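Asks: First the structure, which I've put down as structure tokens, then a few questions once you've had a look.
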Amino acid sequence: MKEKKPLLTALFIACHPDDIEIGAGGTVAHLAARGWTVWICILTKERHEDVAEQRRTEALQGAQLLGVPSENVLFAGFPDGDLECGRESVGQLRELLKNHHCTPDVVFTHTYSDSHNDHRAAHELTISTFRKKPILCYAVVNSLVISTFKPSVFIETAPYRTQKEQALAVHLSQGQRIDTDSIFYRIREYSRPLGLQEAEPFELIVQEGAEDTLFLVQGLNESAFHTFWQSLLNNNQLSIIYSAPVAQRKERRELYLEHEHTGVQELSSAFASLWHDKNPLELVRCNHPQAEKILWNSHVVLCGGSVSNSVTEHYFNHLQNLRFVVDYTMPDYKNVFIIDRHRKEEITAVYTKDEFGDMILTCDKGILTVMTNPFKPSRFLIGCMGLHGLGTMACLQVLRSQLYLQELLTFLEQQPPTANTFQVLVEYRVAEQKTTILYDTFTEIHS
């Protein structure tokens, strides 16, 4: 029976034989264990032949320990210390890969945020050699420029730590240059805020024409926060339009604004701590003079229901093809409810009476919407609209939580390609301080 060819191929490009083990050794082992065809290409060669031969042997040994066969390790032979990206070097690298029938789906290489001239040249050479590829850039801690390194893909490699340590250990020619403690310390520094153990960090470069293969990268990314937001933002600004007090509705203020604003600040804090690139957030009150213009032109998170947020009331609630909206009765604004337009029913919060006969909120509900911005189809609109502020806060919690976002991504992946709107109900139980996504309410709306 003919052996099946592995479906996916990854190419790891490095200047020197130990660079891949330092920056991406765990990922090499991870992909090899998953059945990927993995190639390694070492670009430079030491000037002294005896040292060059020793380093070549170390590279082959390290690759084997990571699960890569010797025949999949290529040596380009460019002079160490003088690597350049130019027509000749690009042509030579392309020819080398062509002769070995190496056609990768995903390419890994050095980050440009590096003080080593050869490492930066390797980055440029990789970008110039390939077309229509997603490229993941790893860090070599010895020369990393931390302040400009902007990772957004994190691949958990804790199960492959022993393999990485063994592969690093074979590079005896490097002596004290390989500091294993520093390597794993830096990995943990990127992993801990995401709730991961030892995830190797990568910058993502998307060449023109590579958009259709981005799902391969997203399938490797253990950070649901980055997978969700990066796919939507694409390096654009994100505006959060949140509720403002309304004079004639003051009696509702404590129910709408305090907890909603807490949710907005928590999402903002998540971006500040997890988003290594420039923080994309802009916070705007719904009564700001530019709020409507922002809605028409930007990526937007719209917070608060129709009682507290005038943009929700005037725009969102009048959009067609939405299953859920928040509405209220007049003239007192006291009866606030979610309308399920499909089932033609009203959904309310849950209250109990305290010992004085006052109504106490025990379970709030909100609508979480992810949709194409109908006012600017090249942008998106996310709605976080609670019956009260706790429901809005719960929706915002979903947008910052690794656990909830992973659940949300699973359901979004099940949407047909033509779907442009996704809505679910979210509930918040006050006593347990627990948020739950009610997936039995989700619906697909086709464009």
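Asks: Just give me the residues in the stretch 45-63 being more than 23 Å from VAL141 (Cβ to Cβ), modelled with pLDDT of 95 or more and either among the aliphatic types (A, V, I, L, M) or part of a loop (DSSP other than H, G, I, E, B) (or both), in sequence order.
Replies: LEU60
Asks: Select from the stretch 195-223 the residues that are modelled with pLDDT under 95 and over 27 Å from GLU124 (Cα atoms) and list them in ascending order.
Replies: Answer for the stretch 195-223, where residues must be modelled with pLDDT under 95 and over 27 Å from GLU124 (Cα atoms): just GLY195.
Asks: Quick check: is even one residue across the stretch 9-24 over 17 Å from HIS123 (Cβ atoms), modelled with pLDDT of 95 or more and in a helix (DSSP H, G or I)?
Replies: Looking for residues that are over 17 Å from HIS123 (Cβ atoms), modelled with pLDDT of 95 or more and in a helix (DSSP H, G or I), one finds at least one in the stretch 9-24, hence yes.
So that you can scan it fast, the table gives a plain yes or no per residue for (1) out of contact with any Ser or Thr (no Cβ under 8 Å at 6 or more places or on another chain); (2) basic (Lys, Arg); (3) without any contact (Cβ under 8 Å) to a residue 60 or more places away in the chain:
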{"position": "ARG343", "(1), (2), (3)": "yes, yes, yes"}
{"position": "VAL350", "(1), (2), (3)": "no, no, yes"}
{"position": "GLU355", "(1), (2), (3)": "yes, no, yes"}
{"position": "THR362", "(1), (2), (3)": "no, no, no"}
{"position": "PRO374", "(1), (2), (3)": "yes, no, yes"}
{"position": "GLN423", "(1), (2), (3)": "no, no, no"}
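Asks: Among the candidates SER223, SER239, SER231, single out the residue that is over 25 Å from VAL141 (Cα atoms), in contact (Cβ under 8 Å) with a residue 60 or more places away in the chain and of a type outside the set (A, V, I, L, M).
Replies: Result of the check over SER223, SER239, SER231: SER239.
Asks: Given (1) at pLDDT below 95; (2) surrounded by fewer than 21 Cβ atoms within 10 Å (Cβ to Cβ), identify the lone condition not met by LEU283.
Replies: Of the numbered conditions (1) at pLDDT below 95; (2) surrounded by fewer than 21 Cβ atoms within 10 Å (Cβ to Cβ), the odd one out for LEU283 is (1).
Asks: Then there's this: Go through the stretch 384-400 and give me each residue that's touching a residue at least 40 places away in the same chain (Cβ under 8 Å) and within 25 Å of GLU222 (Cα to Cα).
Replies: Scanning the stretch 384-400 gives CYS384, MET393, ALA394, CYS395, LEU396, GLN397, LEU399, ARG400.
Asks: Identify the residue in the stretch 133-147 that is free of Cβ contacts under 8 Å to residues at least 40 places away in the same chain and closer than 14 Å to TYR190 by Cα and, among all such residues, is surrounded by the most Cβ atoms within 10 Å (Cβ to Cβ). Steps first, please.
Replies: Just the residues of the stretch 133-147 that are free of Cβ contacts under 8 Å to residues at least 40 places away in the same chain, to begin with: 143, 145-147.
Filter again for closer than 14 Å to TYR190 by Cα, leaving 146-147.
On the way: ILE146: 11, SER147: 7.
Step by step, filter the stretch 133-147, then rank; the result is ILE146.
Okay, residues lined up against (1) in contact with a helix residue (DSSP H, G or I) (Cβ under 7 Å, 6 or more places away or on another chain); (2) surrounded by 15 or more Cβ atoms within 10 Å (Cβ to Cβ):
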{"position": "HIS342", "(1), (2)": "no, no"}
{"position": "GLU345", "(1), (2)": "no, no"}
{"position": "LYS353", "(1), (2)": "no, no"}
{"position": "THR369", "(1), (2)": "no, yes"}
{"position": "LYS376", "(1), (2)": "yes, yes"}
{"position": "MET385", "(1), (2)": "yes, yes"}
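Asks: Then there's this: Examine the stretch 112-132 for a residue that is crowded, with 19+ Cβ neighbours inside 10 Å and free of Cβ contacts under 8 Å to residues at least 24 places away in the same chain, and state whether such a residue exists.
Replies: Yes, there is a match, as at least one residue in the stretch 112-132 is crowded, with 19+ Cβ neighbours inside 10 Å and free of Cβ contacts under 8 Å to residues at least 24 places away in the same chain.
Asks: Return a yes/no flag: does the stretch 395-417 have any residue that is assigned to a strand (DSSP E or B) and in contact with an Asp or Glu (Cβ under 9 Å, 6 or more places away or on another chain).
Replies: No, the stretch 395-417 contains no residue that is assigned to a strand (DSSP E or B) and in contact with an Asp or Glu (Cβ under 9 Å, 6 or more places away or on another chain).
Asks: What number of residues within the stretch 137-172 are among the small types (Gly, Ala, Ser), under 25 Å from GLY219 (Cα atoms) and over 19 Å from the mean Cα position of the chain (by Cα)?
Replies: Going through the stretch 137-172 one residue at a time, the tally reaches 1.
Asks: Please go through the stretch 178-230 and pick out each residue that is in contact with a helix residue (DSSP H, G or I) (Cβ under 7 Å, 6 or more places away or on another chain) and surrounded by fewer than 17 Cβ atoms within 10 Å (Cβ to Cβ).
Replies: THR180, SER182, PRO193, GLY195, GLN197
Asks: Please go through (1) surrounded by fewer than 18 Cβ atoms within 10 Å (Cβ to Cβ); (2) in a helix (DSSP H, G or I); (3) not aliphatic (A, V, I, L, M) for GLY35 and return the number of the only condition it doesn't satisfy.
Replies: Tallying (1) surrounded by fewer than 18 Cβ atoms within 10 Å (Cβ to Cβ); (2) in a helix (DSSP H, G or I); (3) not aliphatic (A, V, I, L, M), GLY35 fails exactly one: (2).
Asks: Test of understanding: among SER378, SER308, which residue is of a type in the set (Ser, Thr, Tyr), assigned by TED's automatic domain parsing to the domain that holds PHE411, out of contact with any Pro (no Cβ under 7 Å at 6 or more places or on another chain) and touching a residue at least 60 places away in the same chain (Cβ under 8 Å)?
Replies: Numbers: SER378 fails: touching a residue at least 60 places away in the same chain (Cβ under 8 Å).
Of the residues listed, the single one that is of a type in the set (Ser, Thr, Tyr), assigned by TED's automatic domain parsing to the domain that holds PHE411, out of contact with any Pro (no Cβ under 7 Å at 6 or more places or on another chain) and touching a residue at least 60 places away in the same chain (Cβ under 8 Å) is SER308.
Asks: Among the residues of the stretch 160-175, how many are surrounded by fewer than 16 Cβ atoms within 10 Å (Cβ to Cβ) and free of Cβ contacts under 8 Å to residues at least 60 places away in the same chain?
Replies: 3
Asks: Given the structure, is ILE42 assigned to a strand (DSSP E or B) and either surrounded by 21 or more Cβ atoms within 10 Å (Cβ to Cβ) or not hydroxyl-bearing (Ser, Thr, Tyr) (or both)?
Replies: yes
Asks: Which one of the conditions (1) outside any strand (DSSP E or B); (2) in contact (Cβ under 8 Å) with a residue 24 or more places away in the chain does PHE78 fail to meet, given that it meets all the rest?
Replies: With respect to (1) outside any strand (DSSP E or B); (2) in contact (Cβ under 8 Å) with a residue 24 or more places away in the chain, PHE78 is out only on (1).
Asks: Could you pull out every one of the strands (runs of 3 or more DSSP E) wholly within the stretch 329-386 that has 3 or more residues that are farther than 30 Å from GLU413 by Cα?
Replies: Counting at least 3 such residues, we get 350-353, 359-372.
The values are calculated or read from the model by the stated rules, or taken from the named source; none is laboratory data. The shown structure was predicted, so the numbers you read here are calculated from the model rather than taken from an experiment. We place every Cβ from the backbone using ideal geometry, glycine too, and count neighbours over all the protein chains shown.
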